[in-house]
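This report refers to the structure that appears directly beneath it.
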Amino acid sequence: MSSPSETRPTGTIHDIGYRPYEGVRLGEGAVAWSLFRTGLRHCFGLGRSGRSKVLPMTLLGAILLPAVILVAVLVQAGEALGLTGQLVPYSRYTMITQVVISVFVAAQAPALISRDLRFRTITLYLARPLRRSTYVLVRLASLLVAVFALVTAPLLVLYVGGLLADLPPGRETKLFLGAVVGALLLAALLSGLAALISAVTTRRGLAVAAIIVVLVVSFTAVAAVQGIATEQEMPRLAQVAGLFSPYTLVDGLQVWLFDAVASTPAAPTGRTGVLFALTALVVITASIIGLLARYRRTTAL
Amino acid sequence: MVAVIEAQQVSKRYPRVTALDRLDLTVGDGVTGLVGANGAGKSTLIKILLGLLPLTGGRAEVFGHDVTTEGATIRALVGYMPEHECLPADVSANDFVVHMGEMSGLPHAAARERAADVLRQVGLAEERYRPMGGYSTGMKQRAKLAQALVHHPRLVLLDEPTNGLDPRSRDDMLALVRKIGTEFGIAVLVTSHLLGELERVSDHVVVLDAGRLLRSSATTDYLHTTGTLVVEVLGGRREAELIAAALGGAGVVARIAGHLVEVEARDELIYDTVRDLTVELHLGLVRMQERHHRIEDVFRDEEAGRVQPV
């Protein structure tokens, strides 16, 4: 028979009680940076539940896959086929994969923006030192950088692949950087619009649907109008129609600014290009102002 | 020493309602209970103290900082647990509390350490690694409390922390509130529409009614003894009458109340007198207890008609 003392565990749990925190407290810049990082990670499902990772990671794979295949063909069979450039120009890649980008924006903007309003987590942010406007701008920046990363990642694959396939580095770099500027513009337009829609609708499902409708319907309408107008020989109408979808707007700007290969039948020329630039600027500014105004009203916590 | 909260003539008027009406209030260290019916202005007061709602009149200071001009400074010193749900469903309590610590300016490593510490203090064990969407109300309340404590504030504002909890979890939560005010050394302002709860944990109780201050005093003031000793002996009314008569013979004022005897307690000697007399009469003494007021007795007299006693 064993005595109770033999079976008694030897370890002891010490209740060290509550320890106050006397360490450093960082300023608004560091807090904003931390919020930005967390937001960016959340856009790709990192730090969230396993289920939240599925969609963004699938989309990232979907947008990279064509680039990887194109590069593989270029590197392996470039010489045999006598290729002297990218199979798909950098400036057109975004237009071709736009469905993936639209789905990503529609899924992740509400996840980032509506979430705080829906779960009322916004209250906890507002009850902390961070200023309201900083919170809004940082959230938008997280979304913008996430979209930019998604759009730029395949371009980077194409670029690196192009260099490996001995395409002229100077020309490739120029084309690549032009497309990167286009990607940044597109990211700003899409994230601004999507963030505003998410902040206004609050309900996630509704926001997802609204963003999809706005992005897909606007592009379809623009494509239809441009097609018909080109057929009917109304080039001016076809050009102006390009203003009404973020994708055609950026495509037009790329053509106008960098003389990139166009994806639409009616790229802007001359003064119409200025109109494109102004429209992009106005849409981005308006969505930021709209967002700030939306959150200024959120006193009813 | 600067008061934790100092409010003078604080008013908050909306176009149709007056949420707070010329409220004067001083809150010190320890646990302060803020009692009032729903809509009495408790949450409004908390939002004003956080610098999130503009005042329509008067002035308020938290640790000497003006709520209208130094909101950010105050929010760095204060932790806030809202009444409503505020937790994202797809994040674990651990990740969320770390994030909220960082939002209060803690470096990442410190935030991780603090989050582990406060989650342990509020009693969230292994479940802190699960997404919060699957939490019970009790666990959610604990997670909400943890995020309010993670940056070691000097004051926490707890808005109805016991809301929706079952009796057992409510006791745990109240014990925790008491612990924050005493062991953690953090001043606490805790609201409830239930008087009995705050009676148990608060050093000081403030009663709001329709935006007005009804009463503000130390809890001990409410609970002072009434000078009456309740004596119960084995048996029924006959035994009670026996002891009452004996006490009367010893020159003590004693009344029969049912099967109990209410004795006027003039001094400490009364306990000995009661004990000796019951022994002499061969009676069994069941209890001998000082009668306390309860907070609700006090408020019953003070037109706090809409405050619900427990």
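Throughout, read-outs are computed from the coordinates displayed, never taken from laboratory work. Quantities reported herein were computed from a predicted structural model and do not represent experimental measurements. Because the Cβ atoms are built from the backbone with ideal geometry, glycine has one as well, and the counts that use them run over all protein chains shown.
The table that follows gives values for the structure above.
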read-out: The stretch A:60-143: chymotrypsin sites (Phe, Trp or Tyr not before Pro) in DSSP loop, at most 12 other beta carbons within 10 Å; value: none
read-out: Karplus-derived 3J(HN,Hα), 6.51/-1.76/1.60, for each residue of the stretch B:185-193, Hz, glycine and proline x; value: x, 10, 5, 10, 10, 10, 9, 6, 9
read-out: Average other protein chain Cβ within 10 Å of Cβ, residues B:83-90; value: 6
read-out: Theoretical ellipticity at 222 nm over chain B - DSSP helices of four or more residues, -39500 (n - 2.57) apiece, nearest 500; value: -10500 deg cm²/dmol
read-out: Amide proton proximity set for B:Leu285, modelled H, under 5 Å, gap of 5+; value: B:Leu234
read-out: Cβ neighbours within 10 Å from other chains - mean over B:43-55; value: 2
read-out: Alpha-carbon centroids, the stretch A:102-147 and the stretch A:153-231: separation in whole Å; value: 21 Å
read-out: Using θ = phi - 60° and Karplus 6.51 cos²θ - 1.76 cosθ + 1.60, couplings along the stretch A:144-151 (whole Hz; Gly, Pro as x); value: 4, 5, 4, 5, 4, 4, 4, 6
read-out: Hz values of 3J(HN,Hα) by residue in the stretch A:68-77 - Karplus curve (6.51, -1.76, 1.60), Gly and Pro given as x; value: 5, 5, 4, 5, 4, 4, 4, 6, 6, 10
read-out: Shielding of B:72-78 by partner chains, average beta-carbon count, 10 Å; value: 3
read-out: Amide H contacts of B:Asp29 (H built 1.01 Å from N, under 5 Å, at least 5 apart or other chain); value: B:Val4
read-out: 10 Å Cβ shell holding at most 14 others, DSSP loop, GluC sites (Glu not before Pro): longest site-free stretch of chain A; value: A:23-232
read-out: Residues whose placed amide H lies under 5 Å from that of A:Val261, excluding near-sequence neighbours; value: A:Ser91
